[in-house]
Structure formats: structure tokens, C-alpha cells
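The values are calculated or read from the model by the stated rules, or taken from the named source; none is laboratory data. In this text, all values refer to a predicted model and were calculated from it rather than measured experimentally. Cβ atoms come from the backbone with ideal geometry, glycine included; neighbour counts cover every protein chain shown.
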Amino acid sequence: MPLRPIDAIFVHPERRLYVVYYRGELWQLPRMKIDGQSWQNRQPYTDDSSGLYLSIHQAISDPVLAQKLRTLNLPMAVRGSTLARFEAWWETHGFDWLKDKLSTGQSPLAAHQADTKMIDNQPSSPSNYLSALASRDNTTTHKNPEQKAIAVAVAEEVTDIFADMLADLADEVLHQQR
């Protein structure tokens with residue numbers, strides 16, 4: 001049964017760079033930062049893939065890039081594994097893992113995990129944006145009502161993006177069952 005292509009973040013510890021596994025292809029980012037600018041400057045990764053390891057942090061802090069790269073909150077047992085081991089796990093267990101997540105109402109997307117630290121030390125999910133905004137004594141972050149309204153609008157937009165992504169993923173998995 002074919003699986004949807006997966007997006008995942010790998011690191012090359014010796015060369016100190018990120019490699020993004022995007023829809024089955026490897027893309028090298030020009031620096032140790034994952035953001036829209038790095039993604040625009042990506043190059044195909046053509047070196048030996050045996051030095052790539054699945055990053056323990058799959059969540060992306062840049063909301064626009066997170067919409068494009070739908071990284072998943074993969075199990076801890078597979079994190080840190082080599083590319084070959086990861087691909088074997090995905091082929092063998094990926095569909096069942098997605099199905100289990102969705103059937104229990106959990107989001108498989110890395111961006112939705114409140115307990116997962118995001119790359120570049122950013123908040124870990126849209127709910128963190130909302131909870132920070134809801135805090136009544138958060139006066140240093142939002143000094144006036146206009147700033148707070150802008151931040152709420154951004155947080156709602158980010159939440160909508162991830163809700164759409166989750167709906168697409170759930171639809172794909174449910175249609176694969178039939």
C-alpha cells in the first residue's frame with residue numbers, strides 16, 4: 001500500500017548542516033537554521049546519506065515554512081536513526097502509526113505538539129501562541145491593544161494553517177483504508 005510522501009528533518013553532525021527529506025528527495029540547507037530564507041537557498045543533497053540522522057526536533061518555528069514542510073511528531077524510538085533505518089520504519093510502520101494517531105484524535109504533525117521543542121527555540125505549537133496571548137499579566141509582550149490584536153490574528157492564522165494541514169492528512173489516511 002503506497003504511503004504519502006513524508007517530510008522530515010535530518011542533521012549531518014560532522015558537516016553541521018540540516019538536510020530536509022521533502023517528498024522523498026533530500027535537500028541541503030545552507031546553514032544550521034530552518035526558515036523560509038534557508039529553504040529558498042536549498043540545494044539538492046548529493047553526498048553520502050549514511051551520515052544523516054533524523055533530528056530529534058521535527059517542529060519548525062517559521063509558520064510559512066511549516067505549512068510547506070509537514071513534518072510529523074515521530075516516535076522517540078525512530079528519532080536519531082539513520083536515513084536508511086528511518087525509511088525502513090516509515091515503509092513498515094508509517095501507515096499504522098498515522099492511523100493510530102488519527103483514530104485517537106491526536107495530531108501527528110510536529111507543529112501541534114506542545115511538549116516538543118521547536119527548532120531555533122521557538123514556541124512549540126499554535127496553542128502556545130494562544131496561551132501566551134491569553135495570559136492577562138503578559139504586559140511586557142503586548143504593550144497596547146493594537147499589538148495584542150495583531151498577535152491574536154497571527155496566532156489564529158497559524159492555527160488555521162495547521163488545522164487545514166491536519167484535515168488534509170486525516171483525509172489521505174482515511175481514504176487509504178478503503
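Summary of values
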read-out: Restricting segment 64-92 to residues that are more than 20 Å from Ser107 (Cα to Cα) and small (Gly, Ala, Ser), the residue that is surrounded by the most Cβ atoms within 10 Å (Cβ to Cβ); value: Ser81
read-out: Segment 66-112 - residue that is at pLDDT 90 or above, among the aliphatic types (A, V, I, L, M) and assigned to a helix (DSSP H, G or I) and, of those, nearest to Val20 (Cα to Cα); value: Leu83
read-out: Tabulated pairs, segment 29-53, first within 20 Å of Leu83 (Cα to Cα), second of a type in the set (Lys, Arg), C-beta under 6 angstrom, 6+ apart or interchain; value: Leu29/Arg42; Met32/Arg16
